[in-house]
Amino acid sequence: MTARIIDGKAVARKLRAEYGARVEQLASRHGVRPGLAVILVGDNAASRVYVRNKVRACEEIGIRSELIALPADAPEAVLLAEIDRLNADSGTHGILVQLPLPGHIAMRRVLERISVDKDVDGFHLYNVGGLMTGTTVFPPCTPFGVQKLLEHERVEIAGRNVVVVGASNIVGKPTAMMLMQKDATVCICHKLTRDLAQFTLLADILVVAAGVPNLIVPQMVRTGAVVIDVGINRLADGSITGDVDFAGVSRKASLISPVPGGVGPMTVTMLLFNTLRSAERGVGIVDETDGLLAGI
């Protein structure tokens, strides 16, 4: 068996075209153009790249973006005041604080300061808690991207065994909760899981977000499984690889996402969607059929 490769770049392009049309429709019918504010604290090189990609993606589909750059030694109070300003700004529909933050700033306090109605990263306690009940306003972008990829590939989720490797608050846990809402039977594995293979071999759908290069090898994967690799690891030679032995596992899986070019493009795309959805909600357009609640 040779797996079919899930082209995350192509899926992202298709979705961005659809969202771009909705952005223009919102602007023409309601005079509202979605606005995303991105706050960058410090001069982390990787963060600068991520922020630049997000700003460029906004421009691509007509979302207005605002970049607020603060120095690394900016007091927490200054950052919180900036968030308060954006919360009160009717032209700002989404607020994103790029992580990680400098050590003197309490991340949780910052994330909780963002209005739930503008928390397009999906990290506010309300949105995190909503994953348990299926009432999240804005799902976190990477897990949302995983779910969208599965939807696009018409992968049946209900009744399937899903194994998530990695228990982070950003990817692993919310991915598990979101797929459980789709009636999957979900198991979460983590760094202390003993005999990881005994769990991964049961997976119809295997989602790997552990941050360990080539952690998943062919003998750990059931023949015909769907494998979603969320890992992004930079090797000594500067190349990027995932958490899955792509070449080997491709010979056993039915579908597999590559790294790069799989989940990565979807993360930014779902940020755009959440920002658009926030603006639509602001004018009374609430269509749960394209959100978390109704089986996207």
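Quick notes on this one:
- Test: residue in the range 104-116 that is buried (at least 19 other Cβ atoms within 10 Å of the Cβ), touching a residue at least 40 places away in the same chain (Cβ under 8 Å) and within 23 Å of the chain's Cα centre (by Cα): no
- Considering Asp229, Asp245, the condition of being surrounded by 22 or more Cβ atoms within 10 Å (Cβ to Cβ) and among the charged types (D, E, K, R) is satisfied by Asp229 alone.
- In the range 73-86, the residues that are in a loop (DSSP other than H, G, I, E, B) and closer than 24 Å to Val268 by Cα: none
- Close pairs (7 angstrom Cβ cut-off, 6 or more residues apart or separate chains): surrounded by 24 or more Cβ atoms within 10 Å (Cβ to Cβ) in the range 255-283, hydroxyl-bearing (Ser, Thr, Tyr) and assigned to a loop (DSSP other than H, G, I, E, B) anywhere: Ile256/Ser250; Val263/Ser257
- Selected residue (criterion: surrounded by the fewest Cβ atoms within 10 Å (Cβ to Cβ)) from residues of the range 151-210 that are assigned to a helix (DSSP H, G or I) and among the aliphatic types (A, V, I, L, M): Ala197
- When Val128 is tested against the conditions (1) under 20 Å from the mean Cα position of the chain (by Cα); (2) buried (at least 17 other Cβ atoms within 10 Å of the Cβ); (3) at pLDDT 95 or above; (4) not in a strand (DSSP E or B), the lone failure is (3).
- Residue among Ala209, Ala225 that alone is closer than 25 Å to Ser168 by Cα, touching a helix residue (DSSP H, G or I) at 6+ places or on another chain (Cβ under 6 Å) and among the small types (Gly, Ala, Ser): Ala209
- Against the numbered list (1) out of contact with any helix residue (DSSP H, G or I) (no Cβ under 7 Å at 6 or more places or on another chain); (2) farther than 29 Å from Glu18 by Cα, Glu151 comes up short only at (2).
- For the range 87-118, a residue qualifies if it is in a loop (DSSP other than H, G, I, E, B), under 22 Å from Val55 (Cα atoms) and among the β-branched types (Val, Ile, Thr), and the qualifying residues are Thr92, Ile114.
- One residue alone among Arg85, Arg160 is basic (Lys, Arg) and farther than 30 Å from Arg222 by Cβ, and that residue is Arg85.
- The set of residues in the range 1-54 that are within 21 Å of the chain's Cα centre (by Cα), at pLDDT below 95 and among the hydroxyl-bearing types (Ser, Thr, Tyr) comprises Ser47, Tyr50.
- For the range 120-179, a residue qualifies if it is over 17 Å from Ile95 (Cα atoms) and among the aromatic types (Phe, Trp, Tyr), and exactly one does: Phe144.
- Pairs where the first residue, in the range 59-74, is in the same structural domain as Val97 (by TED's automatic domain parsing) and touching a residue at least 24 places away in the same chain (Cβ under 8 Å) and the second is of a type in the set (Gly, Ala, Ser) and crowded, with 16+ Cβ neighbours inside 10 Å, C-beta under 6 Å, 6+ apart: Ile61/Gly20; Gly62/Gly20; Arg64/Gly35; Glu66/Ala37; Ala72/Gly42
- Looking at Val259, Val221, Val283, Val230, just one residue is under 19 Å from Val165 (Cβ atoms) and over 17 Å from the mean Cα position of the chain (by Cα), and that residue is Val221.
- Among the numbered conditions (1) in contact with an Asp or Glu (Cβ under 9 Å, 6 or more places away or on another chain); (2) assigned to a helix (DSSP H, G or I), the only one that Val137 does not meet is (2).
- Condition met for Gly238 (under 30 Å from Gln25 (Cα atoms) and part of a loop (DSSP other than H, G, I, E, B)): no
- Residue in the range 70-82 that is surrounded by fewer than 18 Cβ atoms within 10 Å (Cβ to Cβ) and touching a helix residue (DSSP H, G or I) at 6+ places or on another chain (Cβ under 6 Å) present: yes
The values are calculated or read from the model by the stated rules, or taken from the named source; none is laboratory data. These numbers come from a predicted model, not from an experiment. Here Cβ is always computed from backbone atoms with ideal geometry, including for glycine, and neighbour counts include all displayed protein chains.
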